[in-house]
Amino acid sequence: MAYASLLLDPTLRYMVLATAIGLMLLEYGIGRLAHRETHDWRESAASFGVALGQNLLRAVEAGMLAMPFAFLYEHRLFDFAQTGPLALAGLFLGSEFLYYWQHRASHRIRWMWATHAVHHSTTRLTAAIRLGWTGNVSGNFLFFLPLALIGFHPFAIVAMLGINLLYQFFIHSQFGPKLGILEWVLNTPSHHRVHHACNEPCLDKNYGGILIVFDRLFGTFAERPSDQPLRFGLVGGVQSFNPIRIALGEWIAILGDTWKARGASAKLRTLFGPPGG
């Protein structure tokens, strides 16, 4: 299937990984010059281990993931030129809108949090390459299927989401400055530091990918609290440097809690209720 070969192409993954390594080394150098500890190299090594596993699994899953997108595209509602300015603008805004809700759901539904918690498990904001292995099990791809049904080509969808992911490597930084008026529209390093912080005022805030406008529209935007330093990592989480434990630890906890829950409704709440609820 043509779509499978497009999604299996490793070029984008290699480019993203190389970019991440370069940015991490740059930030480490800046941190050394500023006499600040920006990286724990045990955490960074664990993050690379998680990234390796994630890339191997994505390569295996890509063919299966292509099938629902290909099916819906074959039954698309509209035909239009994929590279026209209006189509590109629509794809950008549509993917950003759906990414916002997918990201928000990943924080509010424990079944999805089991994957996304991996990304939030670092304490030094070296999370850009630490992505969960089980995103498709959690159902992340389901949020973007409407784009194919509308009529956007699966490769165009993957490319736009790749741009979103690549942009986010630049905002996982402890040094990124404020960007003036752009802070009203774009997700920036200062906004994303708030998203990764485990301080109470920062929890479940700033879900945007490239844009921050949907957070402002839907009430999930927050500025950095002025009265406390930011802390990163999981609330109540136990730090680990084992990539397998990092990637699967929340799933193990879910299975244990579901086993102990009494009754079908309690088990469903454990699986699909909010994390820590």
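The values are calculated or read from the model by the stated rules, or taken from the named source; none is laboratory data. Note that the coordinates shown come from a computational prediction; the quantities given were computed from them, not determined experimentally. Here the Cβ is made from the backbone with ideal geometry for all residues, glycine too, and neighbour counts use every protein chain on show. The accessibility values were calculated without ligands, DNA or RNA, using every heavy atom of the protein model including side chains. Shrake-Rupley method; radii C 1.70, N 1.55, O 1.52, S 1.80 Å.
How many residues does region 225-238 hold that are under 20 Å from the mean Cα position of the chain (by Cα) and open to solvent by 80 Å² or more (accessible area, probe 1.4 Å)?
Total satisfying the criteria: 2.
Condition check ((1) in a helix (DSSP H, G or I); (2) surrounded by 18 or more Cβ atoms within 10 Å (Cβ to Cβ)) across all residues:
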{"position": "D79", "(1), (2)": "no, no"}
{"position": "L88", "(1), (2)": "yes, no"}
{"position": "L93", "(1), (2)": "yes, no"}
{"position": "E96", "(1), (2)": "yes, yes"}
{"position": "H103", "(1), (2)": "yes, yes"}
{"position": "M112", "(1), (2)": "yes, yes"}
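If I ask for residues that are part of a loop (DSSP other than H, G, I, E, B) and surrounded by 24 or more Cβ atoms within 10 Å (Cβ to Cβ), which ones from region 114-126 would you list? Quick ask: steps written out before the conclusion?
Restricting attention to region 114-126, the residues satisfying the condition of being part of a loop (DSSP other than H, G, I, E, B) are 121-126.
Correct list: S121, T122, T126.
Taking the condition closer than 18 Å to N164 by Cα and either open to solvent by less than 20 Å² (accessible area, probe 1.4 Å) or aromatic (F, W, Y) (or both), does S47 pass?
Details: closer than 18 Å to N164 by Cα: no; either open to solvent by less than 20 Å² (accessible area, probe 1.4 Å) or aromatic (F, W, Y) (or both): yes.
Criteria not met by S47.
More than 28 Å from L57 (Cβ to Cβ), without any contact (Cβ under 8 Å) to a residue 40 or more places away in the chain and surrounded by 15 or more Cβ atoms within 10 Å (Cβ to Cβ) - does that describe any residue in region 245-259? Reasoning before the result, please.
Pass one, region 245-259, residues more than 28 Å from L57 (Cβ to Cβ): none.
No: zero hits.
Please enumerate the residues belonging to region 183-228 that are under 16 Å from S121 (Cα atoms) and either touching a residue at least 24 places away in the same chain (Cβ under 8 Å) or of a type in the set (A, V, I, L, M, F, W, C) (or both).
H192, R193, V194, H196, A197, C198, N199, C202, L203, D204
Need at least 2 residues that are over 28 Å from Q82 (Cβ atoms) and open to solvent by less than 10 Å² (accessible area, probe 1.4 Å) per element, so show me which helices (runs of 4 or more DSSP H) inside region 140-209 make the cut, counting only ones lying wholly within it. So that I can check it myself, show each step before the final result.
Numbers: elements: 145-150, 154-169, 189-196.
By residue number, 189-196.
Since W251 meets every condition but one in (1) more than 21 Å from G135 (Cβ to Cβ); (2) part of a helix (DSSP H, G or I); (3) aromatic (F, W, Y); (4) under 20 Å from the mean Cα position of the chain (by Cα), which condition does it not meet?
(1)
Would you point out the residue of region 210-224, among those that are in a loop (DSSP other than H, G, I, E, B) and closer than 19 Å to I163 by Cβ, that is farthest from the chain's Cα centre (by Cα)?
We begin by selecting, within region 210-224, every residue in a loop (DSSP other than H, G, I, E, B); these are 210, 212, 219-224.
Cutting the leftovers down to closer than 19 Å to I163 by Cβ gives us 210, 212.
Working: I210: 12, I212: 15 Å.
Ranking the qualifying residues of region 210-224, first place goes to I212.
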